[in-house]
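Read the structure below first, then the notes.
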Amino acid sequence: MNAERKKSPIGVLFLTVFVDLVGFSIIFPLFPDMLEYYAGADSFFGGLIANLAELSGEEGDKKFTATVLFGGILGSLYSILQFLFAPMWGRLSDRIGRRPVLLMTIAGLCVSYLVWIFSHSFLLLIISRVLGGAMGGNISVATAAMADSTDEKNRSKGMGMIGMAFGLGFILGPAIGALLSSPSLNIQSWGLPGLNPFSTAAAGAFLLSLWNLSWVMRSFKESLPAEERGTAPRAG
């Protein structure tokens with residue numbers, strides 16, 4: 001049983017963390033174009049951006065200032081939700097097991113990217129980022145599952161793989177976003193309601209999460225034995 005538990009989970013957990021970080025960073029190169037698109041398509045958002053630019057107090061290029069503020073706020077929103085939900089998912093996985101929590105959160109990530117694909121309004125974009133950030137808190141569960149699945153001799157190697165997934169996610173996420181924002185790959189021309197210039201990048205993240213979900217369903221065996229669940233002390 002131990003050999004079975006050690007055999008397969010590292011690749012699955014690596015992909016889970018990688019997808020979380022891609023979801024966080026894939027949007028980075030799109031910020032300037034998103035600002036322009038939603039400012040023109042959404043009157044409330046356009047007014048909000050104008051107010052942010054004025055409140056910054058900067059002289060000169062107000063558009064640049066607004067872009068920086070917009071990117072900072074939208075990027076921070078995802079991270080704040082991850083920060084808030086990571087302990088909750090970790091605690092839940094201590095009680096019911098790692099596998100069901102991973103499946104639930106990865107499925108939630110798929111839904112968040114699906115909402116982003118059809119985010120013709122700024123409100124839908126915010127909903128997708130809030131949901132994605134909350135579900136992206138499953139990094140704590142993936143880390144715990146890695147600790148469950150490795151012995152003391154191999155634990156540092158497993159945690160090193162988690163760190164590698166972080167690094168690759170940050171490196172490749174923006175690159176994937178930039179690549180999929182190419183006009184030649186734009187799926188907005190398909191004519192489906194809600195599609196926007198950023199739907200291709202969202203679809204790429206959705207397919208990556210869907211692949212991760214299917215891999216976890218097929219390959220990841222529960223790493224926390226039933227007799228060890230619910231034994232962690234309650235935290236404040």
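The values are calculated or read from the model by the stated rules, or taken from the named source; none is laboratory data. Computed from a prediction, not measured in an experiment: that's the story for all the values here. Glycine gets a Cβ as well: all are built from the backbone with ideal geometry, and neighbour counts include every protein chain shown. SASA here: full protein model, heavy atoms, side chains in, ligands and nucleic acids out. Shrake-Rupley method; radii C 1.70, N 1.55, O 1.52, S 1.80 Å.
Structure notes:
- Ala66 open to solvent by less than 60 Å² (accessible area, probe 1.4 Å) and either at pLDDT 90 or above or outside any helix (DSSP H, G or I) (or both): no
- Candidates Ala147, Ala142, Ala134 - the one that is hydrophobic (A, V, I, L, M, F, W, C) and under 30 Å from Pro197 (Cβ atoms): Ala134
- Residues in segment 216-227 that are in a helix (DSSP H, G or I) and either out of contact with any Ser or Thr (no Cβ under 9 Å at 6 or more places or on another chain) or surrounded by fewer than 16 Cβ atoms within 10 Å (Cβ to Cβ) (or both): Met217, Arg218, Ser219, Ala226, Glu227.
- In segment 190-206, residue most open to solvent (accessible area, probe 1.4 Å) [restricted to those that are closer than 24 Å to Gly173 by Cα and assigned to a loop (DSSP other than H, G, I, E, B)]: Pro197
- Some residue of segment 155-178 being of a type in the set (A, V, I, L, M), under 14 Å from Ser223 (Cβ atoms) and touching a Gly at 6+ places or on another chain (Cβ under 7 Å): no
- Residue list for segment 71-121, filter: without any contact (Cβ under 8 Å) to a residue 40 or more places away in the chain and among the small types (Gly, Ala, Ser): Gly72, Ser76, Gly108
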